[in-house]
Ligand SMILES: Nc1nc2c(ncn2[C@@H]2O[C@H](COP(=O)(O)OP(=O)(O)OP(=O)(O)O)[C@@H](O)[C@H]2O)c(=O)[nH]1
Ligand SMILES: [Mg+2]
């Protein structure tokens, strides 16, 4: 399962984001450092399922398929707050980041309201751009420290190593950080190794990209800050975790019909005057202005646009689209764009990879070769020696 980490200063809304995405009951409060240890929960990215194209009703083994939208599980980590100087041990330090070594990307939850300072304490007119910078610097520093620790024993003869040796050492030392060989090679090309800070920053950018979530967009001051910064930063999604929590809770109580990621909801139950007012505010201030609460969008954007994952549907029988137990389109897997069929077979099971014969495309019924590059929405059977 792909994992994604939520980072940011205290009070930015990381735990709120986790709760909004998963309804996991985590502690949320305006007191800085509410979260002391990482929380992990299963969230879902959403994508149109192929079941409607094939005109079948699917039975997902994991996640769900609702109204033709497939919910594909991912792991989401909510972390303690990061403050300036965390790499020197300030606040709760950065040690907890070691728990998220396996994450493939980070979502930086930023309090865009300007109503909390760098430590998460109440203030006014705080420059939110400072957070965007310092949190990224702290994360880069964490990378640098991991790399430094890894290179410690080679420190003396670093310069005498050949490029190949250096790549090998770095890949081995950094394998726990989900860093791949090509990431290391690209970083060496771009930044060299002489300046470890430059190298670490480049490697972090390539191997663990950061998406910015402009949170608390239900507040007017947040909207103003977002208008100022939205063109300056590329990967920035306006969001309101609090609004998403309210909508999902109202929906789970049967008060409204709401689908995560949608731009509207329908009232079904009897709302109190207070509930009606709160939901109306969300509709006017968030949904109408930004097209959604941004929570689902941030997850989908990170996985599909930034990480370039595609969705594929392996089946045991390409004609009937079934697994061996009779489930229709049982699996929707996230795979990195560029993955070949044989690589995919290995990722399911070493045995299937080793005994791989070919694939069969469920649409065309044609054979697929080992080096066939998987495409988004592919449905296929893998034929292997039994
Ligand atoms: N108005 C508004 N408030 C929000 C939103 N999201 C979170 N909050 C509030 O911000 C405060 C902090 O939220 P948390 O989710 O606990 O923040 P955190 O980033 O996990 O904080 P730490 O655990 O201390 O690092 C709480 O009072 C939340 O209710 C939002 O979208 N809008
Ligand atoms: Mg928290």
Given (1) surrounded by fewer than 17 Cβ atoms within 10 Å (Cβ to Cβ); (2) part of a helix (DSSP H, G or I), residue 202 misses just (1)
### Task
State whether one or more residues within region 272-287 are outside any helix (DSSP H, G or I) and touching a strand residue (DSSP E or B) at 6+ places or on another chain (Cβ under 8 Å).
no
Considering residues that are over 19 Å from residue 300 (Cβ atoms), more than 12 Å from ligand 2 (Cβ to nearest atom) and touching a strand residue (DSSP E or B) at 6+ places or on another chain (Cβ under 6 Å), the number found within region 25-43 is 1
When region 73-87 is checked residue by residue, the ones that are more than 16 Å from ligand 2 (Cβ to nearest atom) and either surrounded by 21 or more Cβ atoms within 10 Å (Cβ to Cβ) or farther than 13 Å from residue 140 by Cα (or both) are 73, 74, 75
Would it be correct to say that residue 8 is within 10 Å of ligand 1 (Cβ to nearest atom) and either modelled with pLDDT of 95 or more or more than 21 Å from residue 103 (Cβ to Cβ) (or both)?
yes
Looking at region 298-307, is at least one residue loosely packed, with under 14 Cβ neighbours inside 10 Å and over 22 Å from the mean Cα position of the chain (by Cα)? no
Result of the Cβ filter at 8 Å on region 15-39, keeping first residues that are under 17 Å from residue 83 (Cβ atoms) and partners that are more than 8 Å from ligand 1 (Cβ to nearest atom) and in a helix (DSSP H, G or I), at least 6 apart or interchain, is 37/96; 38/96; 38/99; 38/100
Residue 46 passes all but one of the listed conditions (1) away from ligand 2 (no atom under 13 Å from the Cβ); (2) outside any strand (DSSP E or B); (3) surrounded by fewer than 23 Cβ atoms within 10 Å (Cβ to Cβ); the exception is number (2)
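The values are calculated or read from the model by the stated rules, or taken from the named source; none is laboratory data. Because the structure is predicted, anything quoted here is derived from the model rather than measured. Using ideal geometry, Cβ is built from the backbone for each residue, glycine included, and neighbour counts are taken over all protein chains shown.
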